[in-house]
Each structure stands twice: as structure tokens, then as C-alpha cells.
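Structure first, then comments.
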Amino acid sequence: MALIVQKYGGTSVAGIERIKSVADRIIDSRAKGYNVVVVVSAMAGQTDELIAFAKNAVAEPDPRELDVLMATGEQRSAALLSMVLQSKGVDARSLMGHQVAVRTDSAFGSARIISIDSDSIMKELEQDRVVVVAGFQGIDGNNNVTTLGRGGSDTTAVALAAVLNAEVCEIYTDVEGVFSTDPNLCSKARKLSRISYDEMLELASLGAKVLEIRAVESAKIHNVQVHVRSSFTYQEGTMVVAETRDMEKVLVSGVTYDRNAARITVKKVPDRPGISSRLFKPVSDAGIVVDVIVQNTNEDGYTDLTFTVTKPDFQKAMKLVGDVAGAIGAEKVMGDLDIAKVSIVGAGMRSHAGVAQKMFQALADENINIMMISTSEIKVSCVIEEKYTELAVRVLHRAFDLEANDRT
Ligand code: ADP
Ligand code: ASP
Ligand code: MG
């Protein structure tokens, strides 16, 4: 019998009525002849609430205990959905991360899945049961509870679809699929019927939270067909698939934004080999991810070095860089929290010139100053003042004709 993995996000299980309608959808899929393995998130807002509880209790919650706490959100929705399925005459069982044996490393709060033992799930399926797996959680080598990072239920779902060889991994969410930009920010956003893994990877890492990055990585590696769709309607959503030649015809398929960025500039850094390495070493040792980096060499033997980090890492990074800057004789360190990054993504950029220039022109036409630029094969990102984020997204969406450009 064919198998399908269905993941329901926070809004899709946000209350008992929503859970009942999820149960009906699962029953529909069974009626079509599928074995169904379900992955659930915590109810909308609950993970944030649990984190707030912990932070109210202590200033810096212990990471191990925080994971134990956060994992309870998914445990609750898995149990509730199983009960509701049972009440509708379906044999269903919830399984927690440790029962499925979702093995992870020990990076509490952002653990990576190492392996999944599908035996426990297969045994339930043989009994003709629906299995409801608590997403976002696993156990490390010492049987500690771990969580996979925000949005991690997507990753659980794709990893399960890969090990169970599912026909498709359906990601049910509160929008109808992957759009040309965030439909909650831009009313002209258009649903894409297909998107390549690489484009989705860029969109996800540049701020489109509709799919978690590691989920996309895993789908690409294991060639899992992912169908992002709404749990509120029965329309087809977006298929995330391997790239096909026709995808290169579209220059830009999406615009993203990320407000969670902050900028640090080190002025007048002596221009000598090894200096950048010294500056970034303590930052990377502290586990802080650095994003865009720009360095300008002046003729007087000094450089200005600017880079971005996430807003929560800003204070710590300022302190670490400030310490080294003093030691290497840099003039000063400046910080700016009021920035955002807007990006355009498209497989067509590989084979077409002038895309970046068109982006710069569109921003210039609105008098939006570009502070930093970074590019890859299929994306261009610009760092701008945060207050222009929404405007920038809208003008870029218009400039690249995304309202009329769906791939069918
Ligand atoms: P879930 O709780 O179901 O996992 P998320 O909130 O994580 O849902 O992701 C869905 C949200 O992603 C949407 O409500 C939307 O605001 C946001 N989003 C951002 N960019 C995009 C995009 N390009 N396409 C679709 N949704 C997007
Ligand atoms: N509940 C977790 C979160 O809010 C995981 C998820 O929803 O995917 O990040
Ligand atoms: Mg999500």
C-alpha cells in the first residue's frame, strides 16, 4: 500500500475544531488507499509560550531542560489528534521522538537528525494504524531529549518520508503553497505551482519560513517530493522538485526578506594577512553565524570590515569583536540594529545577465539605499534600512513581473 507523510503546522492544529478537520483530511487520504504517517507541530504560539515561561523562570534556561520543555508542545498535539482520530473510528497512535527513535546529535535547540529507526512505525502500520509522530523532537546518544530548531517539524516530516520511502511528503500550513513572496506581506503574491529544491533552499535560508531549511536540504538529498499546501482548502499547492530545464526561463521566482539582521562595522582595520581570521575567530567559537561580509581596502593600508549577524546575536558579537578590535589597533566598532535583508531568487539568474542591476534600479527608484550586497549563482541580496522592508519587497515583486509569472 502506498504511503504518504502529512505534516500539520501550528495553525493547522491550533484548536480542537482545527484538529477535527485535520482528522477528516487524514480519513480522506486513507479512503484513497494510503497508509498515513502524520507529523504534528505544537499548537500555534505554544513553543513561544514555553520559551517565555522558561525565560520568566530563569534568565538563561539550561539548554537541555529547555528542550525537554519545548518538546511538550508537540507531545500535546500528537496525543490530541490521536484521540480525535480514535473518536472518529480510526485506529491511531501517537509516538514521541524517542519512541520512533529519531536519533540526533546533542546540539540542544538545533539538533540535527542522524538516523531514524522506522521499525516502530512499520509495526504500527502493519496493524493498519495511523501513526501520529510528534515533530521537532528527538533523542541524542545519551537519550537526552533534543529539539531540531524552530520550524523543525518540517524536518521531521521530510526525514520520515525519506526513510519510509513515502510517495509524497505533504506539508500542510496556513497558506496555499510557496508564493512569489510572503502572501501575508504582499497581497499581490502569487502561488508557484512548482519550485526547484535549490530555489526553495535559497528562499528558506533568506527568510521565507514556509519550509525549514534543513527540511529542504534533506528533501533534495533523498529526492523526496514535497507538496506544500493549505490545511484550510483542498486546492493543489506547490510541488518542490528537482530542477527541470524550463525553470531557467524564469529569471526570478521569489522575493524574500529577513528582518532578523544586524550590522557590525569595524573601522580602520590594519590591512595585514591574518587580521580577518583574528576578528572572526571568537565570533565563530561562540557559535555565532555571520552572514553578509563586505571589506573595502583603502590606499592608506587600512580596511573597513562590515558584516551581519542575527539580531539576538548582536550584543554578544559586538562585545567579542570590540575586544579583538582594540587588540589589533582598529579605530572603532559600530553597530546598527535597524537593518533588513531583501533578496531575489531564481534559477534563471544562472543564464541571464542584468538581473542584479534591475534589482538595484528598482530600489533606487524608491530612494532605498543599499548598504551591502551579496550574490550567489541564483540569488542577489541587499541589506537596507529595516523601515523600507515592505516597500522593497513590493517594488521588487512588481519589477520582476512576479504577479503574472507563475510556472505551470
Ligand atoms: P507552519 O506553522 O504551518 O509551519 P509557518 O508559519 O512556519 O507555518 O510558515 C508559513 C508562513 O510562511 C506563512 O504564513 C507566510 O507568512 C510565511 N511565508 C514567508 N514567505 C513565504 C512564501 N514565499 N510563500 C509562502 N509563505 C511564506
Ligand atoms: N513547534 C516548533 C516551532 O514552533 C516546531 C514547528 O512548528 O515546526 O518552531
Ligand atoms: Mg513552519
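Can you confirm whether residue 259 is crowded, with 17+ Cβ neighbours inside 10 Å and basic (Lys, Arg)?
No; evaluated as a whole, the condition is false for this residue.
Residues of the range 27-46 that are surrounded by fewer than 24 Cβ atoms within 10 Å (Cβ to Cβ), on the phi < 0 side of the Ramachandran plot and of a type outside the set (D, E, K, R): 27, 29, 31, 34, 35, 43, 44, 46. Listed by first and then second residue, the pairs linking a residue in the range 166-187 that is over 19 Å from residue 153 (Cα atoms) and in contact (Cβ under 8 Å) with a residue 60 or more places away in the chain to a residue that is more than 7 Å from ligand 1 (Cβ to nearest atom) and among the charged types (D, E, K, R), with Cβ atoms under 7 Å apart and 6 or more places separating them unless they lie on different chains, are 179/190; 179/191; 180/190; 185/390; 186/394. Screening residue 344 on (1) under 28 Å from residue 380 (Cβ atoms); (2) open to solvent by 10 Å² or more (accessible area, probe 1.4 Å) shows it passes everything except condition (2). Within the range 94-131, if we keep just the residues that are within 15 Å of ligand 2 (Cβ to nearest atom) and part of a strand (DSSP E or B), the residue that is nearest to residue 210 (Cα to Cα) turns out to be 113.
The residue that is nearest to ligand 2 (Cβ to nearest atom), counting only those in the range 135-161 that are assigned to a strand (DSSP E or B) and without any contact (Cβ under 8 Å) to a residue 60 or more places away in the chain, is 138. If the condition is being surrounded by 19 or more Cβ atoms within 10 Å (Cβ to Cβ), assigned to a helix (DSSP H, G or I) and touching a residue at least 24 places away in the same chain (Cβ under 8 Å), then the range 206-249 contributes 214, 215, 216, 218, 219, 247. Within the range 284-317, being part of a strand (DSSP E or B), loosely packed, with under 13 Cβ neighbours inside 10 Å and in contact (Cβ under 8 Å) with a residue 24 or more places away in the chain holds for one residue alone: 297. Is it fair to say residue 221 is out of contact with any strand residue (DSSP E or B) (no Cβ under 8 Å at 6 or more places or on another chain), under 30 Å from residue 111 (Cα atoms) and more than 16 Å from ligand 2 (Cβ to nearest atom)? So residue 221 fits the description; yes.
Here the range 112-155 is the region considered, the condition is being farther than 25 Å from residue 227 by Cβ and among the acidic types (Asp, Glu), and the residue that is farthest from ligand 1 (Cβ to nearest atom) is 126. For the range 133-152, the tally of residues that are among the β-branched types (Val, Ile, Thr) and either open to solvent by less than 10 Å² (accessible area, probe 1.4 Å) or within 15 Å of ligand 3 (Cβ to nearest atom) (or both) stands at 3. Exactly one residue out of 265, 238, 256 is within 29 Å of residue 340 (Cβ to Cβ) and in contact with a helix residue (DSSP H, G or I) (Cβ under 7 Å, 6 or more places away or on another chain): that is 256. State yes or no: is residue 164 at pLDDT 95 or above, hydrophobic (A, V, I, L, M, F, W, C) and within 16 Å of ligand 2 (Cβ to nearest atom)? So residue 164 fails the test.
Conditions (1) closer than 18 Å to residue 229 by Cβ; (2) modelled with pLDDT of 95 or more; (3) within 13 Å of ligand 3 (Cβ to nearest atom); (4) outside any loop (DSSP other than H, G, I, E, B), marked per residue:
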site	(1), (2), (3), (4)
1	no, no, no, no
12	yes, yes, yes, yes
28	yes, yes, no, yes
42	no, yes, yes, no
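For the range 44-58, filtered to residues that are polar (S, T, N, Q) and touching a residue at least 24 places away in the same chain (Cβ under 8 Å), the residue that is farthest from ligand 3 (Cβ to nearest atom) is 46.
Hey, among 208, 159, which residue is of a type in the set (Gly, Ala, Ser) and more than 13 Å from ligand 3 (Cβ to nearest atom)?
Details: 208 fails: more than 13 Å from ligand 3 (Cβ to nearest atom).
Checking each option against the conditions leaves just 159.
Checking each residue in the range 162-182 for being away from ligand 3 (no atom under 15 Å from the Cβ), among the hydrophobic types (A, V, I, L, M, F, W, C), in a loop (DSSP other than H, G, I, E, B) and surrounded by fewer than 23 Cβ atoms within 10 Å (Cβ to Cβ) picks out only 164.
The values are calculated or read from the model by the stated rules, or taken from the named source; none is laboratory data. Keep in mind it's a predicted model, so treat the numbers as computed, not measured. Cβ: placed from backbone, ideal geometry, glycine included. Neighbour counts: every protein chain shown. The accessibility values were calculated without ligands, DNA or RNA, using every heavy atom of the protein model including side chains. Shrake-Rupley method; radii C 1.70, N 1.55, O 1.52, S 1.80 Å.
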